[in-house]
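Undergrad: Sharing a structure below in structure tokens format, with a few things to ask.
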Amino acid sequence: MKPVTRLLSAALALAGLQAGLAAQAVLVAPHLITLTHAERGGVVNLYNPGDRPIEVELGLGYGVPTVDSVGEFTLELGSTGPRDASGWLAPYPRRLRLAPLQRQTIRLHASPPAELGDGEYWARLIVSAKADKADTTQASEADRIAIGLGLEVRTILPVLYRKGSPAVAPTLGEVTMARLGDSLLVTLPLAPVGDAAFLGTATLTLLDADAQPVQRTELPLSLYQAAEPIVRIGALDPRARTLQVHVASGREDLDALPVLPSPPLTRTFVLPSP
Amino acid sequence: MRPGLLALALWAMVPLVLSGQVVVSAERDLDFGVVFRGVPSTVDPTDAVKAGRIVVTTPRNVQFRVSFSVPTLLQGSGSATMPISIGNGDIAARFNTSSFRYSLNPSSMYLVTMGRGYITFEYGGTVSPRTTQAPGAYAGPIIMTVSVL
């Protein structure tokens, strides 16, 4: 082996060790993709930190987070709506093979209708990745039975397309609370007002009789439409008398991404009696 | 050594870290080993050698829904099939290095709010080769969906 080849092999092996030597893996970044009408597109990065080649297929769908019967956010694809951008966004390339430690930039091209109004439009990028061959144990003897289970990983990410200067602000309706054992269930009737999704954080702080904080919890928010998530505060502090709800734009995971700012809101509610 | 090749070598040594990255790593496949006709074979999700293991890493505070689609039949050559069951309790989840496992049902969806670190999914199941099972290789897909909200 030539010195250069040896060095490259060593470097690749080291990079593999640093990646944890996963058999099959895919990295997608960022986890929220924002596009602007001025640029008509954007990029997503893919990387294979594993030691197997993977086949990747990209597609687009539509769906917005809703709240299920237990008050948790969920997401179903397959619907459509007035802000559906999935029909005029296209990833390129749509299919590719990523060798171990190979990276690839995916471009999202937008071909919006000419009459598209100002505002934010939404889609979901679907990244499907699987090893290019199922790792089936070979039947070494004629009467052996071998089993191989191929894994396909689908990563679904939000895509926001912004035209003009979209704006959004959250509203908070009448909060309802219920005690359940030593827990407090808080229902937050939230809605985004404007022409964009509200990406923010609800901070729930329990205050004692002197208005001092005794307990706190946070709920990341992805509000594309009105929703009533339920927050469960466990092991309720017996000193708690009131609940302060603070809703503000921005989330810790979106620090490096362009989140639309909006004025925060704060409201306080008296806890129900035990 | 040419500077370009040296730069390439050094570039490859740097682990890729991108802002807002979601990484799904299948660190180990579910391995039933050698199975025999007429003898069901079960792998527990806590099996440190045979259970499949998938690690998901995201930035802190990311909320995502995770769901699974699992096969009920493995496909062999021609029309040969073999029953497989990955049911309630055959998938487990745990955060970081915690030994506490949440037992999951593959027919349900779960909401995950990431703290600092990662979440590990381990999965097992049962294959039931028939007494007349044809020899050969049998395969089937497991689909894991991670939907960032």
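The values are calculated or read from the model by the stated rules, or taken from the named source; none is laboratory data. Quick caveat: nothing in here was measured; it's all calculated off a predicted structure. A quick note on method: Cβ atoms are made from the backbone with ideal geometry, for glycine too, and the neighbour counts reach across all protein chains shown. Side chains are part of the model used for accessible areas, which takes the heavy atoms of the whole protein and leaves out ligands, DNA and RNA. Shrake-Rupley method; radii C 1.70, N 1.55, O 1.52, S 1.80 Å.
Undergrad: Does segment A:213-226 hold any residues that are more than 11 Å from chain B (Cβ to nearest Cβ) and assigned to a strand (DSSP E or B), and which are they?
TA: A:Pro213, A:Val214, A:Gln215, A:Arg216
Undergrad: Continuing with this model, one more query. If a residue must be open to solvent by 10 Å² or more (accessible area, probe 1.4 Å) and of a type outside the set (Ser, Thr, Tyr), how many such residues does segment B:47-64 contain?
TA: Residues that pass the stated criteria total 10.
Undergrad: Additional query: When you go through A:Thr217, A:Thr242, A:Thr176 one by one, which is the residue that is under 22 Å from B:Val148 (Cα atoms), among the polar types (S, T, N, Q) and modelled with pLDDT of 95 or more?
TA: A:Thr217
Undergrad: Filter segment A:89-109 for residues that are within 20 Å of the chain's Cα centre (by Cα) and either of a type in the set (Val, Ile, Thr) or within 13 Å of A:Gly59 (Cβ to Cβ) (or both) and give the result.
TA: A:Leu89, A:Ala90, A:Pro91, A:Thr105, A:Ile106, A:Leu108
Undergrad: Now for a separate question. Looking at segment A:123-152 only, could you name the residues that are more than 7 Å from chain B (Cβ to nearest Cβ), surrounded by 16 or more Cβ atoms within 10 Å (Cβ to Cβ) and modelled with pLDDT under 95?
TA: Of everything in segment A:123-152, those that are more than 7 Å from chain B (Cβ to nearest Cβ), surrounded by 16 or more Cβ atoms within 10 Å (Cβ to Cβ) and modelled with pLDDT under 95 turn out to be A:Lys130, A:Ala131, A:Thr137.
Undergrad: Looking at B:Phe100, B:Phe68 in this structure, which one is under 24 Å from B:Pro141 (Cβ atoms) and among the aromatic types (Phe, Trp, Tyr)?
TA: Result: B:Phe68 is the single residue among B:Phe100, B:Phe68 that is under 24 Å from B:Pro141 (Cβ atoms) and among the aromatic types (Phe, Trp, Tyr).
Undergrad: How many of the residues making up segment A:51-82 are part of a loop (DSSP other than H, G, I, E, B) and touching a Gly at 6+ places or on another chain (Cβ under 8 Å)?
TA: Counting residues in segment A:51-82 that are part of a loop (DSSP other than H, G, I, E, B) and touching a Gly at 6+ places or on another chain (Cβ under 8 Å) gives 9.
Undergrad: Go through segment A:240-274 and give me each residue that's assigned to a loop (DSSP other than H, G, I, E, B), within 17 Å of A:Val186 (Cα to Cα) and in contact (Cβ under 8 Å) with a residue 12 or more places away in the chain.
TA: A:Ala240, A:Arg241, A:Leu271, A:Pro272, A:Pro274
Undergrad: Something else about it: Kindly check whether there is at least one residue in segment B:17-25 that is in a loop (DSSP other than H, G, I, E, B), within 10 Å of chain A (Cβ to nearest Cβ) and farther than 29 Å from A:Pro258 by Cα.
TA: No: segment B:17-25 contains no residue that is in a loop (DSSP other than H, G, I, E, B), within 10 Å of chain A (Cβ to nearest Cβ) and farther than 29 Å from A:Pro258 by Cα.
Undergrad: While we're looking at this one, here's another question. Looking only at segment A:174-193, which residues are within 30 Å of A:Tyr121 (Cα to Cα) and in contact (Cβ under 8 Å) with a residue 40 or more places away in the chain?
TA: A:Val175, A:Thr187, A:Leu188, A:Leu190, listed by residue number.
Undergrad: Which residues, taken from segment A:83-130, are within 29 Å of B:Ser25 (Cβ to Cβ), small (Gly, Ala, Ser) and part of a strand (DSSP E or B)?
TA: A:Ala90, A:Ala123, A:Ser128, A:Ala129, listed by residue number.
Undergrad: Out of the residues in segment B:97-135 that are open to solvent by 20 Å² or more (accessible area, probe 1.4 Å) and assigned to a strand (DSSP E or B), state the one that is farthest from B:Arg65 (Cα to Cα).
TA: Applying the filter and picking the extreme gives B:Thr126.
Undergrad: Starting from residues that are aliphatic (A, V, I, L, M) and within 17 Å of the chain's Cα centre (by Cα), keep the ones in segment A:211-226 and report whichever is surrounded by the fewest Cβ atoms within 10 Å (Cβ to Cβ).
TA: Among them, the one singled out is A:Leu219.
Undergrad: Could you grab me the full set of residues in segment B:1-60 that are polar (S, T, N, Q) and either modelled with pLDDT under 70 or over 17 Å from the mean Cα position of the chain (by Cα) (or both)?
TA: B:Ser19, B:Gln21, B:Ser41, listed by residue number.
Undergrad: Further question on the same structure: Can you tell me which condition A:Arg232 does not meet? The list is (1) assigned to a loop (DSSP other than H, G, I, E, B); (2) open to solvent by 20 Å² or more (accessible area, probe 1.4 Å), and all the others hold.
TA: Failing condition for A:Arg232: (1).
Undergrad: Residue by residue through segment A:176-198, note down the ones that are open to solvent by less than 10 Å² (accessible area, probe 1.4 Å) and either outside any strand (DSSP E or B) or within 26 Å of A:Ala256 (Cα to Cα) (or both).
TA: A:Leu188, A:Leu190, A:Ala196, A:Ala197, A:Phe198
Undergrad: In segment B:65-96, which residues are in a loop (DSSP other than H, G, I, E, B), in contact with a Gly (Cβ under 8 Å, 6 or more places away or on another chain), open to solvent by 40 Å² or more (accessible area, probe 1.4 Å) and more than 11 Å from B:Gly125 (Cβ to Cβ)?
TA: B:Ser77, B:Asn96
Undergrad: If you don't mind, another one. Please work out which one of (1) more than 26 Å from B:Val112 (Cα to Cα); (2) crowded, with 21+ Cβ neighbours inside 10 Å; (3) within 14 Å of another protein chain (Cβ to nearest Cβ) is the condition A:Glu120 fails and give its number.
TA: (3)
Undergrad: Regarding segment A:239-252, can at least one residue be identified that is in contact with a Ser or Thr (Cβ under 7 Å, 6 or more places away or on another chain), more than 14 Å from chain B (Cβ to nearest Cβ) and surrounded by fewer than 13 Cβ atoms within 10 Å (Cβ to Cβ)?
TA: no
Undergrad: Also, quick follow-up: Can you give me the number of residues within segment A:25-75 that are of a type in the set (S, T, N, Q), in contact (Cβ under 8 Å) with a residue 40 or more places away in the chain and open to solvent by 40 Å² or more (accessible area, probe 1.4 Å)?
TA: Counting residues in segment A:25-75 that are of a type in the set (S, T, N, Q), in contact (Cβ under 8 Å) with a residue 40 or more places away in the chain and open to solvent by 40 Å² or more (accessible area, probe 1.4 Å) gives 4.
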